[in-house]
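Asker: Please see the structure below; I have some questions.
Computed from the coordinates by the stated procedures, all read-outs in this text should not be read as laboratory data. Note that this is a predicted model, so its numbers are computed, not measured. When we count neighbours, we look across all protein chains shown, and the Cβ atoms used for this are built from the backbone with ideal geometry, even at glycine.
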Amino acid sequence: MSEPPGATVTLTPSPTADEPPPPLVAQRVLPLRRPGRWIATAVVLVLAAQFVHGLVTNPFYQWDRWSYWFLRPTLLDGLVITLEVTAYSAVLGLIGGVVLALARLSRSPVLRAVSWTYVWVLRSVPLIVVLIFLYNFSALYKTLSIGIPFGPAFFSFDESRLATDMVVAVVGLSLNEAAYAAEVVRGGILSVDQGQHEAAAALGLPKGYQFRRIVFPQALRSIVPNYVNQLIGLIKGTSLVFYVSLLDLFGSAQTMGATYPGDIVPLLLVVTVWYLILTSAVSVVQFYVERHYARGATRGLPPTPLQKLRTGLTGLRARIREEAAV
């Protein structure tokens, strides 16, 4: 806008070349205000406090009975069975998954079809149906034999003696787990760069050697973290073995709940806490496994929870010091 006629105009003297420039003054950078985030945080904190208050003060939870049942030998025996079933099923399921994935990736159309059909059926049928079907397997086949197909049998086993409750539970969970593990393993193998396959083939290495020394070690970077994540679902799936008469953690709590009807809620809380402990332990293992296999794939390793806490405290201390200085 131009100045009116006759107005006095004050000109700021420009520094000459001989004068030093004025010193720079440090100015504080104000963070952007985010009122929506603060309101959402306050609402979440109020709801969380209300939930914890109800959890602590509601006498219906009977926390004294919870402390009584938490370390009872009956439930600890069920916890041991849960761990055993999980361990056996995880190992057998992973072995079955590797075999199915290799069959799915083979050049044989028969192996590909059989593997695809197995994965399709086992992923479509609920786990509880598989367990109950195996539990009644002796009604279909009284004995199991080893011998020549459609010929004489060398050894025969009584199926009812062989299929104990533990065996039925492990076999059922392993069959179901193998179907999911097969897709995890197949996805890991397919994630290996095609150039690695071509380079190994160009060297004239045998197929088995290529898979063992080149392809599979690289595929483990994708397989292991995903399969450890799969174990969390397996731990929770073991609660279904109660329906084949195996008293795991959940089955033991159900049995005690039938004997002591007034303690059903404390018993369910005990089971909940134990499953939280088990899945949390697996989650910690999963974090460090993913962190281990992230080496070479990312520029820096993700920080551990302790490192995050230390960084957060350092930043908070620096911010408080700046606020005090202003």
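Asker: Amide H neighbours of Thr143 under 5 Å, counting only residues 5+ apart in sequence or on other chains, H built in-plane at 1.01 Å?
Answerer: Those lying under 5 Å, H to H, from Thr143 are Glu159.
Asker: Determine one quarter of the surface area of the Cα convex hull of the stretch 174-266, which equals its mean projected area, and express it in nm² to one decimal.
Answerer: Averaging across all directions leaves 7.9 nm² for the Cα convex hull.
Asker: Separate question: Taking only Cα atoms, what is the 0 to 90° angle, nearest 10, from helix 216-237's long axis to the longest principal axis of the chain?
Answerer: Its long axis makes an angle of about 70 degrees.
Asker: Then there is this: How high is the relative contact order of the stretch 33-158, in percent, with contacts defined as C-alpha pairs under 8 Å that are six or more residues apart?
Answerer: 8 percent
Asker: Moving to a separate point now. In degrees, nearest 10, range 0 to 90: what is the angle between the Cα axis of helix 109-124 and the longest Cα principal axis of the chain?
Answerer: Computed tilt is about 80 degrees.
Asker: Oh, and also: At R0 = 41 Å, how high is the FRET efficiency between Thr164 and Leu203 if r is their beta carbon distance? Nearest 0.05 is fine.
Answerer: So, using R0 = 41 Å, E works out to roughly 0.25.
Asker: For the chain, what does -39500 (n - 2.57) per DSSP helix run (n ≥ 4), summed and divided by total residues, give at 222 nm, in deg cm²/dmol to the nearest 500?
Answerer: Here the helix-only value at 222 nm equals -22000 deg cm²/dmol.
Asker: Find out how many positive minus negative residues lie around Leu246, taking Lys and Arg as positive, Asp and Glu as negative, among other residues whose Cβ is under 11 Å from that of Leu246.
Answerer: Result for the local shell: -3.
Asker: Radius of gyration and Dmax for the chain's Cα atoms, expressed in Å?
Answerer: Over the chain's Cα set, Rg and Dmax evaluate to 32.0, 124 Å.
Asker: Right, something else. Would you work out the relative contact order for the stretch 224-280, in percent, from Cα pairs under 8 angstrom that are 6 or more residues apart?
Answerer: With pairs under 8 Å counted, the relative contact order is 30 percent.
Asker: Identify the trypsin sites (Lys or Arg not before Pro) of the stretch 88-120 meeting these criteria: DSSP loop state and at most 13 other C-beta atoms within 10 Å of the C-beta.
Answerer: Sites meeting the loop and neighbour criteria: Arg107.
Asker: May I ask for the distance between the Cα centers of the stretch 208-279 and the stretch 74-119, given as a whole number of Å?
Answerer: 14 Å
Asker: Shifting gears a bit: Mind pulling the angle between the C-alpha long axis of helix 305-325 and the longest principal axis of the chain? Nearest 10 degrees, somewhere in 0 to 90.
Answerer: 20 degrees
Asker: Considering just Cα atoms, how many Å³ per residue does the convex hull of the stretch 17-88 enclose?
Answerer: Enclosed volume per residue, from the Cα hull, is 296 Å³.
Asker: Let me ask you something else. Relative contact order (percent) for the chain, with alpha-carbon contacts under 8 angstrom and 6 or more residues of separation?
Answerer: Across the chain, relative contact order equals 22 percent.
Asker: Please enumerate, by chain and number, the lysines with C-alpha under 30 Å from the C-alpha of Lys308, excluding those fewer than 8 residues away in the same chain.
Answerer: Counting by Cα, and skipping residues close in sequence, Lys308 has these lysines nearby: Lys236.
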